[in-house]
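I have placed the structure first, in the form of structure tokens, so that the comments after it can refer back to it.
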Amino acid sequence: MWRLTRREKAFTFINSSLLAIFAFVCAYPLWYIVVLSFNEGRDASLGGIFWWPRVFTMDNFRVILNDHTIVNAFWITVARTAIGTTGSLLITSMVAYGLSRKELPGRNQLLLVFLFVMLFNGGLIPFYLQLVHLKLINNFWVYVLPGLFSIWNMFVMKTSFQNTIPEAVVESMKLDGAGYTRIYFNIVLPFSMPLFAALGLFTAVGHWNDWFTGAFFVNDLNLQPLPTYLQRIMSTIEASQMISASQMASAHSVSLYNPDAITSKSVRMATIVITILPILFVYPFVQRFFVKGVLIGSVKE
Amino acid sequence: MNNRWKKSMISVAAVTMLAALTTGCGTNGNNSNTAEGNKQDAAAGTAKETHYTLYAPTQTTPINLDGPITKEVMEKSGVHWDKVEIGNGGDVTQQINLKLVGGDFPDAIILPSDSLIWSRLVSEKKLLPLDKYFDDAADYPNLAKIDKRIIDNWRAADGHIYFVPSGYEPVVDEPSAWQGNAQGLWVQDSLLKKAGMTTDDLQTIDGFEKYLNAIKGLKDAQGRSIIPLSLGGENFSGLEVVMSMFGVQSMGYGWNEQADGSVVPDYKLPGFKQAFEWLNHLQLNGLLDPETSFQKKDLFMEKVNNLRFGAMLFDGWDNPNQSLIKANKLPESISYKALEEKGLPEGWFSPTKLPTTPGVKLAQYASFNPFGGSGTGVSAKIQDPDALMKGLDWMQTQEAFILMEYGPESMGAYKMENGAVVVNDNVFRGPKFWGGDNGGMTSVTENGFWWWKNLASVGNTHIKTMESPWPSYNAMLYKAEEINHEQGTFGLIPKSSRIKPIIGGAVEKYNPVQSDIRLQYYAKLLLAKNDQEFEKVYNQFLNEMKVRGHDEDTIAEFNKEYKAYSETPAGKITITVKRTLPRNVYNDKPVIVGE
């Protein structure tokens, strides 16, 4: 039986300890946020809470979840994430596949154009005007269409296709009579699942977290996604607390919720928990592809 | 493998199609802000009713245009709002820029009255000049009644007035005694007593330092050392109070008017350097909170609520008195009179007069702004401005204020008794009013009270109201403002704070840079290890302001602007307060205020 030497044991111990500390440093802030989100706001302002809520409450979540529009906002976010991610992977990978073929006429010029627009863009106002002309303002598709093609992902995919799909396989399929579309669907896509999982996750997280599009390009509250909704709720809480202070009112003795539970900080913590929780659950499912996927394309033969 | 992949692709495609069908189709269908119902009702109703759209970018809770109070306000004002578009909680300037380029400008817009966006809207000719309405006493009596000094104050650079101010003092020379200025020195009573001193001993800087030294070694109940002095939350928030002690005005961007009528920035005055020398000396002797330079507000609040400080030179609002009331299980609404009879709780903070230096007059840091907090501008392309202005004219009345504040009398939040408003707190603080979720904001916008005052309303100073005694912790804030009156640190908002920088000018361009330099060097000045280092840092600070902050350009530009502004009606405004209208702070039973 193979036994570890003393130095190897020491290395393993130190290595594990350092990684454990690193993991703790990464995970603890998240745990701290969860703890504060379940603690009464005013009590939390006294400090000294580290591991468990001291005065437990659900009111921070109640304030956020109370509004019925949150359910709608949630489904808008789910829909845009599902459609946006799938569509983006499909469109981007098709372009990447085309550009990975050396026989494509004008390939280098096209790559140059893509590189240029990736590095330089027109800014917010021209983009907004473009959306106005395309009638995408106040339209669900504003979440999906502008993000359908990601140049950065296209470059990653192109490099990956060139390196992982053997040219001989493509050639043999061509000899068997397969066209480019068939090669794409039967060879390129199935061989690139790890890459799709990794890039899909990045795209999905981007869609899930994006509050800006909903805030600036959509006025209709029924079309606003979850992050925009939460941003609005935060502003409302802060505003109402400012008003209460400026009114110099006596205590809200007949409140529906316990006023002590709510501070802008405690609601902010609950907001963070609600935002990150669903997307956090996605990670374990795609983890097995993850490391493999992000390394694809990084090494050239 | 291939089959599995195919299956999963088919599933993804199916989900995508389904989601696209269920969500995408409902694009513009149902805008909750659009009161379609109202539109139809109105079309069937009287021909006089006029319909408008409103944009309130600083408002973030959706407005329900079917709310009972909203309906009443619209009916009485004769103005029907078809759509109230709200903001998203993000940068307001950015939101409005996009609106302007998109060409989608509403009939009316509400903005904070001191917002720089007004200048932008005026220069792009998006707004209608409203001068004639404030002069037409026959048709718009309530708008014409607004003090001309208020109108003059808000005139744009071209001399016209472009918005209807809201929340202004109805009688400028007889304002409310409470303007929200609680800044100053706050001292922990029990520690002062423990040090064997009284507030009279704190009237000089030497006496104040003696107090700080006396409490330096003390421990709190948990055995933690008392921090003798705090400068408030993040970004040196209490600095303007310290500067005042050395005769320097540092509010706004720190412009100080000189005897010759010119203005110089605070850091060019000797008192500025002396103030930092004093703070550096306190820091080196362990008398100042060592985390002053870099702490965030959360950390500061943690220390406040744990009674770690012996004294605070700060804005006053974040004192721990309300927490103390709760911690001592006292009724939250207990009046100051009742609390004094019981004995103030251990750790209670009281506002106190500032220490002074012989020969130095305290500078103003507390401002009185009778001109109102927000304004409503009217689009230059509006169809029928007169009808809208007629509605805004009605909203200046006391009747409108009472409706917008408490709802109709039938809702039970108030009743009129002998010409005074008597509030029923059980209803007014209940679920339909301020007791609702989100701190009442949902009820505010669903039922439609309070927020309409942002659109147009007079201040309530002269509305006779039966007011309950203020809770004791708020009484302390009021007392702080009284002290500011007494010691001369209170005054009309200075001219330098009322001037709007030239769009694209040096002041607008370099103010943010100068603010960054200030914060960076304030920390360095505070943390200098000795006099030599302090001197070196101070000179570096002046040099940075000159080179990176372009202060020669900003000073020259602002002086020119200041001189020109001083010649305008707004620059010549003087207000002599004849009397202030007190609030019910020190009684233990309700009394009528506003008369």
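Descriptive notes on the structure:
- Only residues that are out of contact with any Asp or Glu (no Cβ under 7 Å at 6 or more places or on another chain), at negative phi, within 14 Å of chain A (Cβ to nearest Cβ) and touching a residue at least 60 places away in the same chain (Cβ under 8 Å) were counted in segment B:325-379, giving 8.
- Single unsatisfied condition, residue B:229 versus (1) touching a residue at least 12 places away in the same chain (Cβ under 8 Å); (2) surrounded by fewer than 22 Cβ atoms within 10 Å (Cβ to Cβ); (3) of a type in the set (A, V, I, L, M): (2)
- The conditions of being within 30 Å of residue B:525 (Cβ to Cβ), under 27 Å from the mean Cα position of the chain (by Cα) and either crowded, with 22+ Cβ neighbours inside 10 Å or free of Cβ contacts under 8 Å to residues at least 12 places away in the same chain (or both) are met by residue B:299.
- Matching residues in segment B:254-276 - criterion: being within 23 Å of residue B:114 (Cα to Cα), touching a residue at least 40 places away in the same chain (Cβ under 8 Å) and buried (at least 19 other Cβ atoms within 10 Å of the Cβ): B:255, B:256, B:263, B:265
- Whichever residue in segment A:49-92 is among the hydroxyl-bearing types (Ser, Thr, Tyr) and away from chain B (no Cβ under 12 Å) and, among such residues, is surrounded by the fewest Cβ atoms within 10 Å (Cβ to Cβ): A:57
- Residue B:275 assigned by TED's automatic domain parsing to the domain that holds residue B:545, assigned to a helix (DSSP H, G or I) and either in contact with an Asp or Glu (Cβ under 8 Å, 6 or more places away or on another chain) or at pLDDT 95 or above (or both): yes
- Single residue of segment B:319-332 satisfying the filter (part of a loop (DSSP other than H, G, I, E, B) and surrounded by fewer than 21 Cβ atoms within 10 Å (Cβ to Cβ)) that is modelled with the lowest pLDDT: B:332
- Residue B:484 being assigned by TED's automatic domain parsing to the domain that holds residue B:354 and out of contact with any strand residue (DSSP E or B) (no Cβ under 6 Å at 6 or more places or on another chain): no
- Selection from segment B:204-242 of residues that are within 19 Å of residue B:315 (Cα to Cα) and of a type in the set (S, T, N, Q): B:230, B:235, B:237
- Look at segment B:567-583: where a residue is within 14 Å of chain A (Cβ to nearest Cβ) and over 14 Å from residue B:151 (Cβ atoms) and a partner is β-branched (Val, Ile, Thr) and outside any loop (DSSP other than H, G, I, E, B), sitting 6+ places away or on another chain with Cβ atoms under 6 Å, you get B:583/B:593.
- Total residues in segment A:125-159, condition among the aliphatic types (A, V, I, L, M), within 9 Å of chain B (Cβ to nearest Cβ) and free of Cβ contacts under 8 Å to residues at least 24 places away in the same chain: 3
- Total residues in segment B:87-97, condition within 8 Å of chain A (Cβ to nearest Cβ) and either assigned to a helix (DSSP H, G or I) or touching a Phe, Trp or Tyr at 6+ places or on another chain (Cβ under 8 Å) (or both): 5
The values are calculated or read from the model by the stated rules, or taken from the named source; none is laboratory data. These numbers were taken from a predicted model, which means no experiment stands behind them. When we count neighbours, we look across all protein chains shown, and the Cβ atoms used for this are built from the backbone with ideal geometry, even at glycine.
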